[in-house]
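A short write-up of the structure that comes next.
Since every read-out is calculated from the coordinates, none of them should be taken as a lab result. All values reported here derive from a predicted model rather than from experimental measurement. Note that we place each Cβ from the backbone using ideal geometry, even for glycine, and neighbour counts take in every protein chain shown.
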Amino acid sequence: MHHQARWFRDPDAFLPARWLERPERALPDGVFTPFNIGPRRCLGERLAWKIALVGLAVMLGGLRLVRFPGANETG
Ligand code: HEM
């Protein structure tokens, strides 16, 4: 399903930025299923999300956030 041009623009290209616009929100149910659906769906989905969250926290924990010069309160 994830490789069908009907649903995904240029589906075989590696374009991580495509997810910035959250295209999966506009798709019908069952089209975007990274963990599959139904009786054979991923048993580890909840664990995978937790691992991703912890990994992100560890990576971001090593950073110091600074205000970008010229940025205002909203931007
Ligand atoms: C980003 C992380 C992960 C993704 C995208 C993912 C995705 C998937 C997908 C698509 C399937 C279905 C495969 C099929 O239909 O043949 C699957 C099955 C499965 N996944 Fe994951 N998975 C992830 C992480 C994990 C983790 C962390 C575990 C366990 C620690 C896990 C355990 C399983 C098991 C046991 C199945 C087989 C379920 C069955 O056949 O009844 N997965 N996963």
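See the values below:
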| quantity | calculated |
| --- | --- |
| Distance (nanometres) between label positions extended 7 Å along Cα→Cβ at Ala26 and Leu65 | 2.9 nm |
| Spacing of the two label points (7 Å from each Cα toward its C-beta) at Trp19 and Leu56, in nm | 0.9 nm |
| Residues of region 1-24 with amide N under 17 Å of a point placed 7 Å along Cα→Cβ from Arg40 | 1-3 |
| 0 to 90° range, to nearest 10: angle between helix 45-61 axis and the chain longest Cα axis | 20 degrees |
| Neighbour-limited loop hits for trypsin sites (Lys or Arg not before Pro), the chain (at most 13 other Cβ within 10 Å; DSSP other than H, G, I, E, B) | Arg6, Arg9, Arg40, Arg41, Arg64, Arg67 |
| 10 Å Cβ shell holding at most 14 others, DSSP loop, chymotrypsin sites (Phe, Trp or Tyr not before Pro): longest site-free stretch of the chain | 36-75 |
